[in-house]
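A.B. asks: Structure incoming, see below.
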Amino acid sequence: MEFTGAHILSINQFERADIERIFAVADSMEPYALRRKVTRVLEGAILGNMFFEPSTRTRVSFGAAFNLLGGEVRETTGFESSAIAKGESLYDTARVLSGYSDVICMRHPMSGSVAEFAEASRVPVLNGGDGSNEHPTQALLDLYTIRQELFDKGRNIDGLRIAMIGDLKHGRTVHSLCKLLCLFNNIQVTLVSPNELAMPENVVDMLREAGHEVIISDDLTRGISSVDIAYSTRIQEERFSSKDEADLYRGRFRLNQSIYTKFCEPNTVIMHPLPRDSREDANELDNDLNQNPNLAIFRQADNGVLVRMALFALVLDVVDQVDKYSRDVNWYSGR
Ligand code: CP
């Protein structure tokens, strides 16, 4: 695909070569993400970071990635602090904010809303999550992490065995990740969820059409027994009609060290897009896994900066200029 000026809205827009390009650029961002070097390549550029749903990682890592490339960030968080609360349309908001920004990142609770906004925007828009539809940049950082974790074990993405666990109906990260895996070969995907929270059929069909083996289960211990990656997800309480309904499923698929030791292969990598629900009645990834070297959740979150830096550099067409505007850091960097 042509990255320059493109919106990043869905995994459907990528081919495998595009993913390899993004990952190669993400690799090249490491000295900047680790604060060994500084670049000012986006000096003067402005990111409009618009988050109409709660976020820690996506919002802050988009902002940090833009800052690390030398750009500035303007944020809107929550409907109540935006004129949308006064009835302004997405069209008008997009026309106005794209006049103030060089690129916009947006999260919104309605599926399809970020694409609608992008149609009216005069600058590239990156989808930070639209309802239960997609979270493409999360899927990219997830796959980047999988690639890194497998590489350390002498493997690559083709031939991967992965279990996705939890609320697969509402979890936009797993929808996007499944679509992304369709670009690779010979993947075995085990989908572990209560029947009511199963992966949407169109996503399952897509995996099968790509030639992948799909196993559907509601048994956590069997589901995680022969996989390279156990990818846990949160019950997406905000997508249920009531908290009581979400409570029916909360805590159903808890993974802790003793279950891991008993049922997983020795080097199974544990992933989660985060936030993990660590309340006592959920505890979907127990704190007793925190010292497990195969718990990759914080490496995964760190990788969000690299992948988002790569996307900004590609979309704003500065990949070849990043080093030209760089210097060593002045301060102590303990990373
Ligand atoms: N993974 C993710 O989207 O986290 P946030 O909701 O904190 O952005």
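A.B. asks: Taking a ≥ b ≥ c as the square roots of the Cα gyration tensor eigenvalues, with a/c under 1.5 meaning rounded and otherwise prolate when a/b beats b/c, else oblate, which class fits the range 210-335?
C.D. replies: prolate
A.B. asks: Please turn the phi angles of the range 37-49 into ³J(HN,Hα) values with the Karplus equation 6.51 cos²θ - 1.76 cosθ + 1.60 (θ = phi - 60°), one per residue in order, whole Hz, x for glycine and proline.
C.D. replies: Each residue's phi maps through the Karplus curve to give 9, 10, 10, 10, 4, 9, 4, x, 7, 10, 9, x, 9 Hz.
A.B. asks: Between the DSSP loop rule and a limit of at most 13 other Cβ atoms within 10 Å, which trypsin sites (Lys or Arg not before Pro) in the range 288-324 are left?
C.D. replies: Lys324
A.B. asks: Could you pull out every whole DSSP H run in the chain that spans at least 24 Å of Cα extent along its own axis and averages -1.0 or higher on the Kyte-Doolittle scale?
C.D. replies: Helix filter hits for the chain: 297-315.
A.B. asks: Could I ask something else about it? For Val227, list long-range residues whose amide hydrogen, built 1.01 Å from N in the peptide plane, is under 5 Å from its own amide hydrogen.
C.D. replies: Correct list: Glu265.
A.B. asks: List every residue whose amide H lies under 5 Å from the amide H of Leu295, counting only residues 5 or more places away in sequence or on a different chain, with H placed 1.01 Å from N in the peptide plane.
C.D. replies: Here the answer is Ile270, since their amide H atoms fall under 5 Å of that of Leu295.
A.B. asks: Regarding the chain, what is the average projected area of its C-alpha convex hull, in nm²?
C.D. replies: Computed as one quarter of the Cα hull surface, the answer is 17.1 nm².
A.B. asks: Turning to a different aspect of this structure: Counting other Cβ atoms within 10 Å of each Cβ, which GluC sites (Glu not before Pro) in the range 238-283 have at most 13 and sit in a DSSP loop?
C.D. replies: In loop regions of the range 238-283 (DSSP not H, G, I, E or B), the sparsely surrounded GluC sites (Glu not before Pro) are Glu280.
A.B. asks: What figure in square angstrom, to the nearest 10, would you give for the accessible area of Glu80 with a 1.4 Å probe?
C.D. replies: 150 Å²
A.B. asks: Around Asp228, under 14 Å between beta carbons, what's the net of Lys plus Arg minus Asp minus Glu among the other residues?
C.D. replies: Combined, the nearby Lys, Arg, Asp and Glu give -2.
A.B. asks: Using the Cβ atoms and a cut-off under 11 Å, what net charge is assigned to the surroundings of Asn256, where Lys and Arg are +1 and Asp and Glu are -1? Intermediate values should be presented prior to the final figure.
C.D. replies: Numbers: positive: Arg254, Lys262; negative: Glu284, Asp286, Asp288.
Result for the local shell: -1.
A.B. asks: Further question: In the chain, which longest range has no chymotrypsin sites (Phe, Trp or Tyr not before Pro) that are both DSSP loop (not H, G, I, E or B) and surrounded by at most 12 other Cβ atoms within 10 Å?
C.D. replies: Value returned for the longest uninterrupted segment is 1-330.
A.B. asks: How far is the Cα center of the range 276-335 from the Cα center of the range 209-241, in Å?
C.D. replies: Here the answer is 24 Å between Cα centres.
A.B. asks: Further question on the same structure: Given a 1.4 Å probe, how much area per residue of the chain is accessible, in Å²?
C.D. replies: Value returned for the chain: 44 Å² of accessible area per residue.
A.B. asks: Based on the Cα gyration tensor of the range 1-118, what are the three equivalent ellipsoid semi-axes, each the root of five times an eigenvalue, rounded to whole Å and given largest first?
C.D. replies: Working: eigenvalues 135, 67, 34 Å².
Each semi-axis is the square root of five times an eigenvalue, giving 26, 18, 13 Å.
A.B. asks: Aspartates and glutamates near Lys179 by alpha-carbon distance under 16 Å, same-chain residues fewer than 8 away left out - which ones?
C.D. replies: Within the straight-line cut-off, Lys179 pairs with Glu15, Asp18, Glu20, Asp130, Glu134, Asp142, Asp158, Glu201, Asp205, Glu209, Glu213.
A.B. asks: The range 65-140 to the range 1-40: how many Å between their Cα centroids?
C.D. replies: 19 Å
A.B. asks: Okay, moving on. Give the aspartates and glutamates whose C-alpha is closer than 12 Å to that of Lys37, dropping any in the same chain fewer than 8 places away, or say none.
C.D. replies: Leaving aside aspartates and glutamates fewer than 8 places away in the same chain, those within reach of Lys37 are Asp323, Asp328.
A.B. asks: Ignoring any ligand, DNA or RNA, what whole percent of the accessible area of the range 136-298 comes from carbon and sulfur when the probe is 1.4 angstrom?
C.D. replies: On the range 136-298, the fraction of accessible area on carbon and sulfur atoms equals 46 percent.
A.B. asks: Now for a separate question. Ordered by residue, what ³J(HN,Hα) values in Hz, to whole numbers, does the range 321-327 give under the Karplus form 6.51 cos²θ - 1.76 cosθ + 1.60, where θ = phi - 60° and Gly and Pro are x?
C.D. replies: 10, 4, 6, 4, 9, 10, 8
A.B. asks: Oh, and also: Going 7 Å from the Cα of Ser111 along its beta-carbon direction, which residues of the range 71-97 have the amide nitrogen within less than 13 Å of the resulting point?
C.D. replies: No residues fall inside that zone.
The values are calculated or read from the model by the stated rules, or taken from the named source; none is laboratory data. All values derive from a computational prediction rather than experimental measurement. Cβ sites come from the backbone with ideal geometry, for glycine too, and all protein chains shown count toward neighbours. Areas reflect the complete protein model, heavy atoms only, side chains present, ligands, DNA and RNA absent. Shrake-Rupley method; radii C 1.70, N 1.55, O 1.52, S 1.80 Å.
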